[in-house]
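Down below is the structure, laid out as structure tokens.
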Amino acid sequence: MKIAIMGAMPEEIAPLLERVGEYTSSEYAGNTYYEASYKGHSLVIAYSKIGKVFSTLTASTMLQKFGAEVLLFSGVAGAINPELKIGDLIAATKLCQHDLDITAFGHPYGYVPEGKQFIEADAALISMAKEVASEMGVKLMEGIIATGDQFVADPVRNRWIGETFNADALEMEGASVACVCDAMGVPFFILRSISDAADMDASFSFDAFLISSAQESANFIIKMVEKIGH
Ligand code: SAH
């Protein structure tokens with residue numbers, strides 16, 4: 001199977017490239033795409049750069065140009081749900097855009113006409129993730145992830161996103177990737193490991209835990225790849 005694995009930042013895909021060992025790379029639309037064979041699958045791996053626009057471009061490219069049949073996202077996020085601690089894993093059940101706002105016309109936050117307020121991730125991949133979590137002996141929370149073009153380092157904004165979308169974690173790429181995959185009919189799975197609490201200390205915490213949390217997420221994603229189709 002052709003599997004896309006994406007992250008937003010180099011640190012998020014470095015552990016994946018290290019794990020697959022040999023790969024080729026090619027340039028397309030201002031980005032680098034890495035191709036490798038792993039456990040009988042063809043992988044295309046890339047980091048998009050941060051935010052909804054770049055992640056949309058990368059996800060579209062992975063599906064349309066590289067023909068990926070499934071997309072797995074590996075990365076880090078800020079916690080909203082206080083049960084989520086640094087390094088904990090969360091798999092998105094559904095995703096929304098917390099900064100999408102045409103409420104002036106009476107629409108709910110995160111909604112535009114002909115769009116969806118929430119996009120659901122693939123149920124089969126989530127249940128596979130639960131099996132992987134129990135095999136690895138790690139805790140995996142399932143929950144709502146809110147995406148926006150903002151690094152949230154503000155408890156008030158954090159609480160607002162939590163209350164408005166019932167969200168458990170927040171980041172900057174998941175919902176846009178979900179939107180692409182949903183439109184193209186490609187199953188997707190968004191995994192995040194917590195790097196910070198999206199509070200006043202978020203940028204310090206992010207810098208301190210980016211590498212270790214990105215590694216947690218990548219380890220899990222590799223196990224998912226090993227399980228797909230087996
Ligand atoms: N330190 C980077 C910027 C990181 S932006 C630099 O200077 O270039 C944060 C990245 O991690 C985004 O890709 C986002 O998806 C995720 N993330 C982690 N914590 C976040 C938070 N509190 N708010 C928003 N995104 C967060």
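A short reminder: the numbers here are calculations on the coordinates, not readings from a lab. The structure displayed is predicted, hence computed values, not measured ones. Note: ideal-geometry Cβ built from the backbone for every residue, glycine included; neighbour counts use all protein chains shown.
Working note: Karplus 6.51/-1.76/1.60 with θ = phi - 60° gives region 126-140 the couplings 5, 6, 4, 4, 5, 5, 4, 4, 6, 5, 7, x, 10, 7, 10 Hz, where Gly and Pro are set to x.
Between the amide H of I86 and any residue lying 5 or more places away or on another chain, no distance stays under 5 Å, with hydrogens modeled in the peptide plane. Amide hydrogen proximity for N81: with H placed 1.01 Å from N in the peptide plane, the residues at 5 or more positions away or on another chain lying under 5 Å are A169. In this rough spin-label picture, where each label sits 7 Å from Cα along the Cβ direction, the A208-S42 distance is 4.5 nm.
Couplings 3J(HN,Hα) of region 89-105, computed from phi: 9, 10, 9, 6, 7, 8, 9, 9, 9, 6, 9, 8, 9, 10, 5, 4, 9 Hz, in residue order, whole Hz [Karplus 6.51 cos²θ - 1.76 cosθ + 1.60, θ = phi - 60°; x for Gly and Pro].
Taking a straight line from the alpha carbon of K2, these aspartates and glutamates sit under 12 Å away, with near neighbours fewer than eight places off in the same chain left out: E35, E69.
Between I102 and T32, the contour length at 0.36 nm per residue exceeds the Cα-Cα span by 21.7 nm. The slack in the chain from D154 to V138, taken as 0.36 nm per residue of separation less the alpha-carbon distance, amounts to 2.9 nm.
Taking a straight line from the alpha carbon of K130, these lysines sit under 18 Å away, with near neighbours fewer than eight places off in the same chain left out: K94, K139, K223, K227. The magnitude of the dipole of the chain, with charges of +1 and -1 set on the Cβ of Lys/Arg and Asp/Glu and taken from the Cα centre, is near 440 debye. In this structure the amide hydrogen of A68, modeled in the peptide plane, comes within under 5 Å of the amide hydrogens of L63, none closer than 5 places in sequence on its chain. Normalised Debye scattering of region 65-115 at q = 0.16, 0.18, 0.21 Å⁻¹ gives log10 I(q)/I(0) of -0.76, -0.86, -0.92, counting only Cα atoms as equal scatterers and leaving out solvent. A simple spin-label model places pseudo-atoms 7 Å from Cα toward Cβ; at A183 and N81 they are separated by 2.9 nm. Seen against the Cα atoms of the chain and their longest principal axis, helix 155-165 is set at about 80 degrees. Fully extending the segment from K227 to K65, taken as 0.36 nm per residue of separation minus the present Cα-Cα distance, adds 55.8 nm. Applying the Karplus relation 6.51 cos²θ - 1.76 cosθ + 1.60 with θ = phi - 60° to region 174-183 yields 3J(HN,Hα) values of x, 5, 6, 5, 4, 4, 5, 5, 4, 5 Hz, where x marks Gly and Pro.
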